[in-house]
Every structure is written in C-alpha cells, then in structure tokens.
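As structure tokens, the structure follows; a few thoughts come after it.
FYI, it's all coordinate maths here, none of it is from the lab. Bear in mind that the values here come from a model prediction, so they are computed numbers and not experimental data. Cβ: placed from backbone, ideal geometry, glycine included. Neighbour counts: every protein chain shown.
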Ligand code: NAP
C-alpha cells in the first residue's frame, strides 16, 4: 500500500477569477488511523461553485479554507483500512476528504455508498449534494402546480437539470437558461425542458427579458435562481403576482463582478417585489439535510429507471482539478463536474 498521498492546498487567495497560482499540489504522508476512523482512497472528487466562496476570507455561511489548507470537496472512494465496525475494507464511502487522493475521517462522518445501486460518481451529483439541493428547494418552497411556468439558470448543471426535471414531473412548463446552443439543445433533448434560452446570445437584461418573454407567454410562477446577472434582470419583470424566487446561487457574481442585476436598480427591484407580492426564499441545502434519506428513496429509483437523466463531465487526475474548477466557473463544464482520481 502507498505510504504517501497527494493533496491540493490553497496557496493564495484569489482576486477575481482564480489562477493556477492560487493552488499548490503537495505530497504528504498518509494520516495515522485512530480508533473509529476509516482510511479511504478517493475515486471521484466533486467540483462545485461554492468552492470559490471558500477561497475568500469573507463572512459567509461556512468558514473559508485557511491558507495552506486542503481545498474542500465532497469525494467518494474505497475504504482501504478501517478501525470501525461500520466500514470494512473494500466498502465505498462518501466523505468530505477534499482535493486529495486519500483521507481519514471518523466513520460517523461517512456515508456508505452501494456501487450496485448506481455508479459511485452519482453520489456527488444527481444523487448527491447538488441533486439534493434542487429537490430540497423545490420540495420546501416550490409549491408547484401543473400548468405553472418555471425558469431556471445553469440548466444543464446538476442543480438546474434536477430542478427542471422535477418541475416537469409536476406538469409545469419549464424554461431553462444555459450557455451556448449545445447546452440549450441538451436541456431540451436530454433533460426534457420545454425551451432553453442561450444567455451567451442575449448578453443584457433587456435581451434576456425579450427572449424569456417569448418562451413564458403567461409570465413566470417560479424562478429558481442559480446565476444572477442579466438572467435575473431579465426574469424579474416577467414574474407573476405572488410569484416565487428560490435563491440558490448567483455564479455570475462569484468572481466579484458587480453588474447591478443587469441594470435593475435596487429601488426598482424592491418596488417590484412589493407590487408583484413576490415571495423570496434563501435556500441552503444544509438546512434540509435531515431529509436526505427521503430524497434518495424518491430519486434513486427514478435515476435507475432513466426517468431522471444526468450528465457528468469527468476530468482526469487530481493535478487537473484547478483547471477544471476554473472552467466550471465560466461554463466550461457540461453536466456535473467531477475529477477521477484513481
Ligand atoms: P453547474 O451548473 O455545474 O456549474 C455552474 C454553471 O453556471 C456553469 O456550467 C455555467 O453554465 C453557469 N454559469 C457560469 N457563469 C455564468 C454566468 N456569468 N452567467 C450565467 N451562468 C453562468 O453548477 P451547480 O453545481 O449545478 O450549481 C448551480 C448553482 O447552485 C450555483 O450557483 C451554486 O453555487 C448553487 N448551489 C447552491 C447550493 C445551496 O445550498 N444554496 C447548493 C449547491 C449549489 P452555462 O454554461 O449554462 O452558463
């Protein structure tokens, strides 16, 4: 068995878009196992937009990664040593091992993964945190009824594609927003959206408004917010009275761009909330985690039967994680971005 592991640490805090110099690949001895702990060789590591926030030393819902600390990530891998009766050698486990080839955690912080139920990488995407985020938001705040219109950005990603598919199952009209004609085609053909608007072809809020209005002739009942920027500026005027906005993410602004929601001043936006009696919900998936089992029981059979589709984008090798992460922040990924470690 190997005696060392590799990990990627935060070398420097980024200003704007991260560059290669914000990350450093290091080699370290394998950690010692204590009683109750498990050593895992990581097979797949997840890359997610939230990791950009963890690189900043700013107040948020979670602590930043310290300088020199291992970048945070959900991972799935094989147990290669166990000092817990909950895991045996050869078991597959999900845990927060970070950007690393190996890791040790107490068994109680790990979740056993059944490799016969679905490919293990799905525990990072469609059957993991992003899929759950979509399910939790729709279940807790969606209040969807057949015939309603739903708009969601980053439509081919693991959150957006799940939102769209859940809304379709409820009988809604679902309009996605995605970057480029290929992704828009995927939203419709693979994920069953009714339509998809290319935000790269409609760069301003007014252009987005016109493009979305054509696809949402009755207005929008639910906007599932993943992106911010001109997409948000374009959707807001189309919200129906009593419409709902689930604020899940705003990736257009994660690198510090400040485009004022596509030219809608705050005062005008606030007035719109009043006049349209909008309901706005901040969504943090961790608040709903007690329902994770319910999510898996409902969604895993649908994934197995193909009723819910998923797409994964697999980068090869830990050393390529920084580049894949940078691409994710600008739409270079197609589907759930994971990194195959071994
Ligand atoms: P993802 O779709 O796999 O990747 C991010 C996507 O965002 C990119 O592929 C790109 O898609 C889009 N994007 C990037 N820059 C953009 C811009 N300037 N304008 C519009 N779109 C842009 O990501 P995900 O994992 O499904 O996450 C989606 C959102 O949910 C993110 O905002 C994330 O932070 C959030 N999230 C929140 C929670 C929570 O608990 N609140 C949990 C998980 C995720 P296109 O090429 O299609 O534009």
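Specify whether the C-alpha gyration tensor of region 281-323 places it in the rounded, prolate or oblate class, a ≥ b ≥ c being the square roots of the eigenvalues: rounded for a/c under 1.5, otherwise prolate if a/b is larger than b/c and oblate if not. In terms of gyration-tensor shape, oblate. Go ahead and set up a Gaussian network model of the chain, Cα springs under 10 Å, then flag whichever of 47, 236, 124 fluctuates most. Among 47, 236, 124, the largest GNM mean-square fluctuation belongs to 236. The overall shape of region 17-148, judged from the alpha-carbon gyration tensor, is oblate: a/c is not under 1.5, and a/b is no greater than b/c.
Prolate is the label for the chain. Its Cα gyration tensor axes, ordered a ≥ b ≥ c, give a/c of at least 1.5 and a/b above b/c. Using C-alpha pairs below 8 Å separated by at least 6 residues, the relative contact order for region 264-342 is 24 percent. Relative contact order of region 129-271: 20 percent, from C-alpha pairs under 8 Å at least 6 residues apart in sequence.
In region 93-182, the ratio of gyration radius to Kirkwood radius, Rg to Rh, stands at 1.08 when only Cα atoms are counted.
Calculated FRET efficiency, residue 12 to residue 33, Cβ-Cβ distance, R0 = 30 Å: about 0.40 to the nearest 0.05.
Among 319, 37, 298, the largest mean-square fluctuation in a Gaussian network model of the chain, built with springs joining Cα atoms closer than 10 Å, belongs to 298. Helix 205-215 axis versus longest C-alpha principal axis of the chain: approximately 80°, rounded to the nearest ten.
Of all DSSP-defined beta bridges confined to the chain, some 55% are antiparallel rather than parallel. Working from Cα pairs under 8 Å separated by at least six residues, relative contact order for the chain is 16 percent. Report the Stokes-Einstein translational diffusion coefficient (µm² s⁻¹, integer) for region 129-285, Rh taken as the Kirkwood radius over Cα pairs, at 37 °C with viscosity 0.692 mPa s. Approximately 218 µm²/s, per Stokes-Einstein.
Placing a label point 7 Å from the Cα of residue 218 along the Cα-to-Cβ direction, the residues of region 163-205 with a backbone N closer than 16 Å are 167-175, 194-195. Among 243, 68, 131, the residue with the largest mean-square fluctuation in a Gaussian network model of the chain, with springs joining Cα atoms closer than 10 Å, is 68. The length gained on full extension between residue 85 and residue 4, counted as 0.36 nm times the residue separation minus their Cα-Cα distance, comes to 26.7 nm. If you take the Cα centroid of region 108-177 and the Cα centroid of region 278-338, the two points sit 8 Å apart. Take the Cβ atoms of residue 190 and residue 56, set R0 to 35 Å, and the FRET efficiency comes out at 0.55.
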